[in-house]
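Asks: Could you have a look at this structure, given as structure tokens, before my questions?
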Amino acid sequence: MTCDAPASRGTVWRSYGTKGRSTRTLRVRTSVVLVAATVLAVLLVPPLVQLDQQAVDLAAKLLPPSWAHPFGTDDLGRDLLLRCVYGLRVSLLVGAAAAVTATVVGTAVGATAGALGGWVDRGIMRVVDTVSSVPHLLLGIFIVAMFRPGVWPVIVSVALTHWLSTARIVRAEVLSLRSRPYVDAAVSGGASRWRVAVRQLLPAVLPQAALAAVLMVPHAMWHESALSFLGLGLPTHTASLGTLIQSARGSLLAGQWWPTLFPGLFVIVPTLAIAGLAGAWRERINPRRRSELML
């Protein structure tokens, strides 16, 4: 009896580990399928669906989903499937551009703070802590309120409010790398701090920075949708997911659910899929950490 107990415990732990791996595999495969479906929809639906997404047809307004209009129509009779695809295209563009910009800024700031250290590091991190104390959405509203509604103000707003986490991550990586033997050897050989930072430290933190950029894309898309929903992001005539949901509020109160449901799904599903792939990538880069959404 005593010999069978350890074996049974080992079997339980092995089965649990297998179940965990199968769950992660299923999550990754589902995320890959959803991301691929998103890309194909953005690329193929506009040329295949021979309709003008801005064409107004008041005789066909607020039609429920059908073969002719799979997602129904909005309050101006425009095809909602095509509008959602164009909105997803705009939201992906804004999210990717804002994520790349924020990552470049955060990487530069974090690498500078970690490489130079001393009073430079302390001063930069105090600025980071001060900006982090302000809620992202509130700061984003303040920034976009100074400009006319458009794509670039939203990109700048999201980028300026989302570089802080990247700066912290890159700074922590640089501080851990500064104690490595090859860095000490470069410094002993007469290399300057900037040369060591550019040649040794920066290439080592690029994978973490790229991961931070991918994780930031869904958050940037949500941020853009929130600003557009509040009427402070993109112009109301631009088909973004936030403006589609904002314009469908009256229809929802009247009992027409499709103008709100489908744009909402186009916000939630692709962003969760991107976040799932990024989480799997993070587990591969650092297996000791469980994947988290950097929201």
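The values are calculated or read from the model by the stated rules, or taken from the named source; none is laboratory data. What you are looking at is a predicted structure, and each value in this text was computed from that prediction instead of being measured. A quick note on method: Cβ atoms are made from the backbone with ideal geometry, for glycine too, and the neighbour counts reach across all protein chains shown. These area figures cover heavy atoms from the full protein model, side chains too; ligands, DNA and RNA do not enter into them. Shrake-Rupley method; radii C 1.70, N 1.55, O 1.52, S 1.80 Å.
Asks: Which numbered condition trips up V120, out of (1) buried (at least 16 other Cβ atoms within 10 Å of the Cβ); (2) more than 24 Å from E224 (Cα to Cα)?
Replies: It is condition (1) that V120 fails.
Asks: Taking the condition of being farther than 30 Å from L40 by Cβ and touching a His at 6+ places or on another chain (Cβ under 6 Å), how many residues in the range 92-134 meet it?
Replies: Number of matching residues: 0.
Asks: Of the residues F147, F142, which single one is surrounded by fewer than 18 Cβ atoms within 10 Å (Cβ to Cβ) and in contact with a helix residue (DSSP H, G or I) (Cβ under 7 Å, 6 or more places away or on another chain)?
Replies: It is F147.
Residue-by-condition table, conditions (1) modelled with pLDDT of 75 or more; (2) surrounded by 21 or more Cβ atoms within 10 Å (Cβ to Cβ); (3) outside any loop (DSSP other than H, G, I, E, B); (4) of a type in the set (S, T, N, Q):
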position: T260; (1), (2), (3), (4): yes, no, yes, yes
position: P263; (1), (2), (3), (4): yes, yes, yes, no
position: P270; (1), (2), (3), (4): yes, yes, yes, no
position: G276; (1), (2), (3), (4): yes, yes, yes, no
position: A280; (1), (2), (3), (4): yes, no, yes, no
position: P287; (1), (2), (3), (4): no, no, no, no
position: E292; (1), (2), (3), (4): no, no, no, no
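Asks: OK, next. Among the candidates S157, S91, single out the residue that is surrounded by 23 or more Cβ atoms within 10 Å (Cβ to Cβ), within 30 Å of L48 (Cα to Cα) and either modelled with pLDDT of 85 or more or acidic (D, E) (or both).
Replies: One residue alone meets the criteria, S91.
Asks: Here's another thing I want to ask about it. Return the total of residues in the range 229-244 being assigned to a helix (DSSP H, G or I) and either surrounded by 24 or more Cβ atoms within 10 Å (Cβ to Cβ) or among the small types (G, A, S) (or both).
Replies: Result for the range 229-244: 4.
Asks: Here is a further query. Among the residues of the range 126-138, count how many are free of Cβ contacts under 8 Å to residues at least 60 places away in the same chain and buried (at least 17 other Cβ atoms within 10 Å of the Cβ).
Replies: Final tally of qualifying residues: 1.
Asks: Then there is this: Kindly list the number of the only condition in (1) open to solvent by less than 60 Å² (accessible area, probe 1.4 Å); (2) in contact (Cβ under 8 Å) with a residue 60 or more places away in the chain; (3) in a helix (DSSP H, G or I) that fails for V100.
Replies: Result: V100 passes all but (1).
Asks: Still on this model: Test of understanding: among L261, L253, which residue is over 19 Å from L81 (Cβ atoms), without any contact (Cβ under 8 Å) to a residue 12 or more places away in the chain and not small (G, A, S)?
Replies: L253
Asks: Across the range 58-84, what is the total count of residues that are open to solvent by 40 Å² or more (accessible area, probe 1.4 Å) and touching a Lys or Arg at 6+ places or on another chain (Cβ under 7 Å)?
Replies: Residues meeting the conditions: 2.
Asks: Here's another thing I want to ask about it. Does S251 meet the test of being in contact with a Ser or Thr (Cβ under 9 Å, 6 or more places away or on another chain), surrounded by 20 or more Cβ atoms within 10 Å (Cβ to Cβ) and modelled with pLDDT under 85?
Replies: no
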